[in-house]
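> Attaching a single structure in structure tokens format; questions to follow.
The values are calculated or read from the model by the stated rules, or taken from the named source; none is laboratory data. This is a predicted model, so every value here is computed, not measured. Because the Cβ atoms are built from the backbone with ideal geometry, glycine has one as well, and the counts that use them run over all protein chains shown.
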Amino acid sequence: MSRLRLGITGGIACGKSVVAAYLQQRYGLPIVDADVLARQAVAVGTPIYQAIVDRYGREICCRDGTINRRRLGEVVFAQPQERQWLEAQIHPWVIAQMERAIDTCDQPLIALVIPLLFEAHLEEFVDRIWVVATTPEQQLARLQQRDRLSEDAAAQRIASQLPLEEKIRRADTVLWNTGSLAELYRQVDQAFVLLGRNGEGS
């Protein structure tokens, strides 16, 4: 069964998960979230978890043994080579899990939320690309609030990704999350209708 793969990406803290949740609730679309898979990849006891502990020591863990994502983020966002090492551990596993989810999906359309779609060169992995975007000021403020980061730490995380304007340039559809949720949902509805029309001939 051929199925259309919708890739949802965008800048950090721009609203990808909001769009995915709406698609699931409003249209019953199956969602595969790379961030959720990435958290599963580093769960206690997995080979990737052990590789991280071996590399950074037990101090990278919380008291319950789980990876302290905030502490790990401080390491990898400050040192590009460490981020590359971590992504090399996680990305192949996440991609394999996404492929499995696609193979077992019984619907004609599946949405894949992939924050690093362009950075990981996964453009050919999907059929359509939606980019969720906002203004640089909103992105910085939302990231600071969401993850309780300083301005410098938030800016460092944003800078680690491909510039949002480049993602916008490469998108099939851009969803602007700069106003109310109702405004964002209207854009999603419009894009979904067009997706169905365009997908008929795929």
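> Can you pull out every residue in the stretch 1-43 that is hydrophobic (A, V, I, L, M, F, W, C) and more than 21 Å from ARG157 (Cβ to Cβ)?
MET1, LEU4, LEU6, ALA21, LEU23, LEU29, ILE31, VAL32, ALA43
> Of all residues in the stretch 8-34, which are within 15 Å of VAL188 (Cα to Cα), small (Gly, Ala, Ser) and within 15 Å of the chain's Cα centre (by Cα)?
GLY10, GLY15, SER17, ALA20, ALA21
> For the structure I just gave you, tell me whether ASP147 is of a type in the set (Asp, Glu), touching a residue at least 60 places away in the same chain (Cβ under 8 Å) and surrounded by 15 or more Cβ atoms within 10 Å (Cβ to Cβ).
yes
> Select from the stretch 1-11 the residues that are at pLDDT below 95 and buried (at least 19 other Cβ atoms within 10 Å of the Cβ) and list them in ascending order.
Hit for the stretch 1-11 is GLY11, nothing else.
> Looking at LEU109, LEU164, LEU140 in this structure, which one is outside the structural domain of VAL53 (by TED's automatic domain parsing) and within 16 Å of LEU6 (Cβ to Cβ)?
None of the others qualify; the one that does is LEU109.
> Could I ask something else about it? Just checking: which of the helices (runs of 4 or more DSSP H) contained wholly in the stretch 140-202 hold 3 or more residues that are more than 22 Å from ASP127 (Cα to Cα)?
151-159, 181-199
> Go through ILE90, ILE67, ILE114, ILE168 for me and flag whichever is touching a residue at least 60 places away in the same chain (Cβ under 8 Å) and among the β-branched types (Val, Ile, Thr).
After applying the criteria, what remains is ILE114.
> Still on this model: Just checking, which of ASP35, ASP103 is surrounded by 12 or more Cβ atoms within 10 Å (Cβ to Cβ) and of a type in the set (Asp, Glu)?
Selected residue: ASP35, the only one of ASP35, ASP103 that is surrounded by 12 or more Cβ atoms within 10 Å (Cβ to Cβ) and of a type in the set (Asp, Glu).
> Among what's in the stretch 73-90 and is aliphatic (A, V, I, L, M) and out of contact with any helix residue (DSSP H, G or I) (no Cβ under 6 Å at 6 or more places or on another chain), pick the residue that is surrounded by the fewest Cβ atoms within 10 Å (Cβ to Cβ).
ALA88
> Evaluate the following for GLY45: is it small (Gly, Ala, Ser) and at positive phi?
yes
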